[in-house]
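First comes the structure, then the notes that go with it.
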Amino acid sequence: MILHHLPVLEIVIPLLTAPVVVIFRRTRIAWGLAMLALWASFAIAGRLLFEVLANGPVSYDMGNWASPYGIVYRVDALSAFMAVFVSTIGAVVLTFAPRSVTDEIPEDRRYLFYALYLLSVTGALGISITGDLFNLFVFLEISALSSYSLVALGRDRRALTASFRYLVMGTAGATFILIGIGLLYMMTGSLNMLDVARLLPEATAPRTLFVAFAFLTVGVALKMALFPLHLWLPNAYTYAPSVVSAFLAATATKVAIYVFLRLTFTVFGPAFAFGTVHVQALLLPLSLLAIYTASTVAIFQTDMKRMLAYSSLAQIGYMVLGISFATVTGLTGGIVHLMNHALIKGGLFLATGCLVLRLGSSEMDALRGAGRRMPWTMMAWVVGGLGLIGVPATAGFVSKWYLVLGAVERHGWPVAVLVLLSSLLALAYVWRVVEIAYFQPVPEGAPPVREAPLSMLIPTWILIGTSLVLGVWTQLSAGVAHRAAVMLLGGWR
């Protein structure tokens, strides 16, 4: 009986905990309640993934209104995969949070941070498992609105302007998405994703179908910061509190990519998106531009958080590149990179948060000699950096391996060579940090610095260590991603 209600409990637990946190207002109580809620969501997501892999998709009809008339939560291999990694990141980052939040957020706003954080996680989880288009939009906005507010909590005044830009561009994206959903409803009279997918081939207004696809594609591209619609991201990640940067970098754009996957493959279908519209002709060049442009810009940054932000733009390019191949191998690479990059980049931002706590800044100059002063923190940063490069035995290598294979299958060696060469750019900006931290002396007169507290190091190493585990034991990541890719393509090609 309880198993039947797990999909809705996944959402309800963190959603209802958020207002309770506001009622209590005390920081310690807020953190404790949030921890209970998010680790419970993690346990539920893991159980749902096990159930889906063993017995197939799980559906839950809200209020016993049968689909397509009521809202349905539907958990398949891809949505269970997403729920697991969102809940994992949410719970681990929150475990890291107390010391960082105390250092970077004023005391009278800390309980608000935990409430907003819970809402952001709720939105991301809801996006992952809903089977209703309008419900998808609602959860997307719950996550987005709370994220805007989280960014604005940063201690630098520039956090406010970064949040405002994020708000403006996010609202533009949401407007495009809502218009696209409205057009689909006009054509089909339904909001249930599977029902819309069934009815669209019978639609009598093909031009409207093309317009709906265009609106949704542009709107979601804004949300996932696909080049050149990425201008909101660098400042948002740079000036947000460290714990917020870690969570957003690991989840926000990945959830938007999931929305693109769900709309493109489940609602419109690969035959329409890739066979009729030929969306790959747009995605392929934009993804390669994102990889090379963002990686090049990252090399010249003087702030670690901004450098990691541009690195994230490049990694989004890798995910979209895998999607553009529209093959099982390429799509597997794109999907598995969702989780692998979330672990790697989440760990890197947490390590950077440790450095900010002790060094007082994320500027590169403050990093001099940090390899000797904070060895465990810098070791975590270096291991995460190796994952970004794609060194064997890291999760990043698994992603790039599938992407290279997918590129060879679909386009031959030229695109595969471009993917391989792009790793040299990642090596360049990762090496800059290593050189400053390990080979430059500590500034004269610098006060002594202790290693980061265990309460921050352990969550950092959980994410970084998991990325190493998934670089060797790939069944949980690449295996599930392959199954999701097969499901999404549905035998197409």
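What follows is calculated from the coordinates using simple rules that are stated; it is not laboratory data. The structure presented is a predicted model; accordingly, all values stated were derived computationally and were not measured. As a convention, Cβ positions derive from the backbone with ideal geometry for all residues, glycine included, and neighbour counts pool all protein chains shown.
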Percentage relative contact order, the range 279-493, counting C-alpha pairs under 8 Å, at least six apart: 28 percent
Nearest 10 degrees, 0 to 90: what angle lies between the long axis of helix 242-261 and the longest principal axis of the chain (Cα atoms)? 20 degrees
With a 10 Å Cβ neighbour count serving as the proxy for reagent exposure, in which order, fewest first, do 276, 266 appear? 276, 266
For the range 345-426, state what percent of all Cα-Cα pairs lands in each successive 5 Å bin, counting from 0 Å until the bin that includes the largest distance. 3, 14, 20, 18, 13, 11, 9, 7, 4, 1
Just from its helices, what would the mean residue ellipticity at 222 nm be for the chain, if runs of 4 or more DSSP H residues each count -39500 (n - 2.57) and the sum is divided by every residue, rounded to the nearest 500 deg cm²/dmol? -25500 deg cm²/dmol
Semi-axes of the equivalent ellipsoid for the chain, Cα gyration tensor, largest first, Å: 35, 27, 20
Can you give me the angle between helix 158-188 and the longest principal axis of the chain, using Cα atoms only, in degrees from 0 to 90, rounded to the nearest 10? 10 degrees
Run the numbers on the range 266-317 and let me know its relative contact order in percent, using alpha-carbon pairs under 8 Å that are six or more apart. 35 percent
Enter the angle in degrees (range 0 to 90, nearest 10) between the Cα long axis of helix 328-359 and the first principal axis of the Cα atoms of the chain, meaning the one along which they spread out most. 30 degrees
For residue 303, other-chain or 5+-apart residues with amide H closer than 5 Å (H placed, Pro excluded) are 364
Could you give me the ³J(HN,Hα) list for the range 398-405, computed from phi with Karplus coefficients 6.51, -1.76, 1.60 and θ = phi - 60°, whole Hz, x at Gly and Pro? 4, 4, 5, 4, 5, 5, 5, 4
Taking the highest mean first, how do the peptides 229-241, 373-385 order by number of other beta carbon atoms within 10 angstrom per residue? 229-241, 373-385
Under 18 Å between alpha carbons - lysine pairs in the chain that sit 8 or more apart or on different chains: 5
Sorting check: for 468-481, 390-403, which peptide has the highest mean count of neighbouring beta carbons within 10 Å, and how do the rest follow? 390-403, 468-481
Quick check for me: using +1 on Lys/Arg Cβ and -1 on Asp/Glu Cβ, what's the dipole size of the range 279-493 about its Cα centre, in debye to the nearest 20? 220 debye
Report, by chain and number, residues whose modeled amide H sits under 5 Å from the one on residue 452, excluding near sequence neighbours (fewer than 5 apart, same chain). 377
Most exposed to least, judged by fewest other Cβ atoms within 10 Å, 105, 13, 23, 127 sort to 23, 13, 105, 127
Can you give me the relative contact order of the range 1-119 as a percent, contacts being Cα pairs under 8 Å and 6 or more apart? 37 percent
Per the range 279-493, sqrt(5λ) over the Cα gyration tensor eigenvalues, sorted largest first, in Å, gives 34, 18, 12
Taking the Cα centre of the chain as origin, work out the dipole magnitude from +1 charges on Lys and Arg Cβ and -1 charges on Asp and Glu Cβ, in debye rounded to 20. 520 debye
Which of rounded, prolate, oblate describes the range 382-431, given a ≥ b ≥ c as roots of the alpha-carbon gyration tensor eigenvalues and a/c under 1.5 marking rounded, otherwise prolate only if a/b is larger than b/c? oblate
Just name one of 456, 381, 473: the one whose Cα is farthest towards the positive end of the charge dipole of the range 279-493 (beta-carbon charges, Lys/Arg +1, Asp/Glu -1). 473
What whole number of Å gives the distance from the Cα centroid of the range 123-168 to the Cα centroid of the range 391-430? 31 Å
At R0 = 51 Å the Cβ-Cβ FRET efficiency linking residue 296 and residue 64, nearest 0.05, sits at 0.40
